[in-house]
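Notes for the one structure printed next.
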Amino acid sequence: MTGPVIAVNGLRCSYGDFEAVRGVDFEVAQGELFALLGTNGAGKTTTMETVEGHRPPAAGTVRVFGMDPWQNRAEVRRQVGIMLQDSGFAGDLTVGETVRLWRSMVSRASDVDTALDALSLGHRRDVAVKRLSGGERRRLDLVLAMLGRPRLLFLDEPTTGLDPESRRATWEVVRGLLAEGTTVLLTTHYLEEAERLAHRLAIMHRGRIAVSGSLVDVLASRQARIDFVLPRPAVLPRLRGSVSADDAGSYRITTRDLQRDLHALLSWADEHGLRLGGLRARNASLEDVFHGVREEDDVREGEVAV
């Protein structure tokens, strides 16, 4: 198909008088992973449910493969896989029976053994689902979501409850799907997960998208930092960033030109024979952006309230 796999324009969703999603716009291209981030209550899950076709929008438009996922659910669902936060299983069925049952209901189904082995569940195929650990159930959720070899995969908090090794194994499975051309819409509370997997991402707060773009673009929206300690007060060289210091001699430079300001600082220190204690220089992290979005919005809300 031509055009984006997912196109969301002016999306609004409400629960009674409460507007959970307040004018959201984004697109997801074929073969990319788009991560939707935000705190609990930011509107991520409602947005996902609407794009998946589980609910109609109160306003705006949603298109998946060029179709309305609410009005054309049957046609859209044949091409997608969905991993919910909590799928719910028949606990008395074994893992193998569960996958075979699911396989009978999807077209273009993958081989059962291959699907289980991909997520290290092959040795658990004869175990009742109710005896699986929470992490194993999450992996079984993913097996079922990808069993029909979907063109589009929705992953809602896919690695919650997984240990670090299982989380990284899941990432490799998702990377393999992307390499095969699968499109993925992901929500996650693990910022490292978005950093490792996402081609583009958006951070939602209070029902709106506060910042979006590639990881590089999103990180560039926040300033880099240089931290160090001097044994005595000093007049620093001319820098592009701003400088702050406390009485203990700890300095912080916030800058949008990390390389230039770091070079100027180090050259100045060498020229004056100074050693910069505890020197640390780093670009903004996704965590910085995430918390910055919340803090800035809270300030704006406070200003409006006053």
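The values are calculated or read from the model by the stated rules, or taken from the named source; none is laboratory data. What you are looking at is a predicted structure, and each value in this text was computed from that prediction instead of being measured. As a convention, Cβ positions derive from the backbone with ideal geometry for all residues, glycine included, and neighbour counts pool all protein chains shown.
Suppose the filter is among the acidic types (Asp, Glu), closer than 28 Å to PRO4 by Cβ, assigned by TED's automatic domain parsing to the domain that holds GLY207 and assigned to a helix (DSSP H, G or I); does GLU97 pass it? It is false that GLU97 is among the acidic types (Asp, Glu), closer than 28 Å to PRO4 by Cβ, assigned by TED's automatic domain parsing to the domain that holds GLY207 and assigned to a helix (DSSP H, G or I).
In the stretch 12-44, the qualifying residues are those that are part of a loop (DSSP other than H, G, I, E, B) and charged (D, E, K, R), and the one that is farthest from PHE154 (Cα to Cα) is ASP17. Taken together, the residues in the stretch 237-255 that are assigned to a loop (DSSP other than H, G, I, E, B), among the basic types (Lys, Arg) and touching a strand residue (DSSP E or B) at 6+ places or on another chain (Cβ under 7 Å) amount to 1. Residues in the stretch 144-170 that are among the aliphatic types (A, V, I, L, M) and touching a Pro at 6+ places or on another chain (Cβ under 9 Å): ALA145 alone.
Going through (1) part of a loop (DSSP other than H, G, I, E, B); (2) surrounded by 21 or more Cβ atoms within 10 Å (Cβ to Cβ) one by one, LEU140 falls short only on (1). Checking every residue in the stretch 77-98 against the condition of being of a type in the set (Ser, Thr, Tyr) and farther than 17 Å from ASP141 by Cα gives zero matches. Checking each residue in the stretch 100-120 for being part of a loop (DSSP other than H, G, I, E, B) and either out of contact with any helix residue (DSSP H, G or I) (no Cβ under 6 Å at 6 or more places or on another chain) or of a type in the set (Ser, Thr, Tyr) (or both) picks out SER104, MET105, VAL106, SER107, ARG108, SER110, ASP111, SER120.
I'd like to check something: does the stretch 171-184 contain any residue that is surrounded by 18 or more Cβ atoms within 10 Å (Cβ to Cβ), within 20 Å of ARG282 (Cβ to Cβ) and either under 11 Å from the mean Cα position of the chain (by Cα) or acidic (Asp, Glu) (or both)? Looking for residues that are surrounded by 18 or more Cβ atoms within 10 Å (Cβ to Cβ), within 20 Å of ARG282 (Cβ to Cβ) and either under 11 Å from the mean Cα position of the chain (by Cα) or acidic (Asp, Glu) (or both), one finds none in the stretch 171-184, hence no. In the stretch 198-222, the qualifying residues are those that are surrounded by fewer than 22 Cβ atoms within 10 Å (Cβ to Cβ) and assigned to a helix (DSSP H, G or I), and the one that is nearest to the chain's Cα centre (by Cα) is LEU215.
Taken as a whole, the structure leaves VAL99 outside the set of residues that are aliphatic (A, V, I, L, M) and within 17 Å of GLU49 (Cα to Cα). Looking at ASP92, ASP117, ASP111, which is the one that is without any contact (Cβ under 8 Å) to a residue 12 or more places away in the chain, farther than 22 Å from ARG167 by Cβ, of a type in the set (Asp, Glu) and in the same structural domain as TRP171 (by TED's automatic domain parsing)? That would be ASP111, the only listed residue that is without any contact (Cβ under 8 Å) to a residue 12 or more places away in the chain, farther than 22 Å from ARG167 by Cβ, of a type in the set (Asp, Glu) and in the same structural domain as TRP171 (by TED's automatic domain parsing). Only one entry in ASN40, ASN72 is at pLDDT below 95 and in the same structural domain as GLU157 (by TED's automatic domain parsing), namely ASN40. Candidates in the stretch 223-255 are the residues that are within 18 Å of VAL289 (Cβ to Cβ) and among the hydroxyl-bearing types (Ser, Thr, Tyr); of these, the one that is surrounded by the most Cβ atoms within 10 Å (Cβ to Cβ) is THR255.
Screening GLY81, GLY60, GLY91 for residues that are modelled with pLDDT under 95, surrounded by fewer than 17 Cβ atoms within 10 Å (Cβ to Cβ) and either part of a strand (DSSP E or B) or in contact with a strand residue (DSSP E or B) (Cβ under 8 Å, 6 or more places away or on another chain) (or both) leaves exactly one candidate, GLY91.
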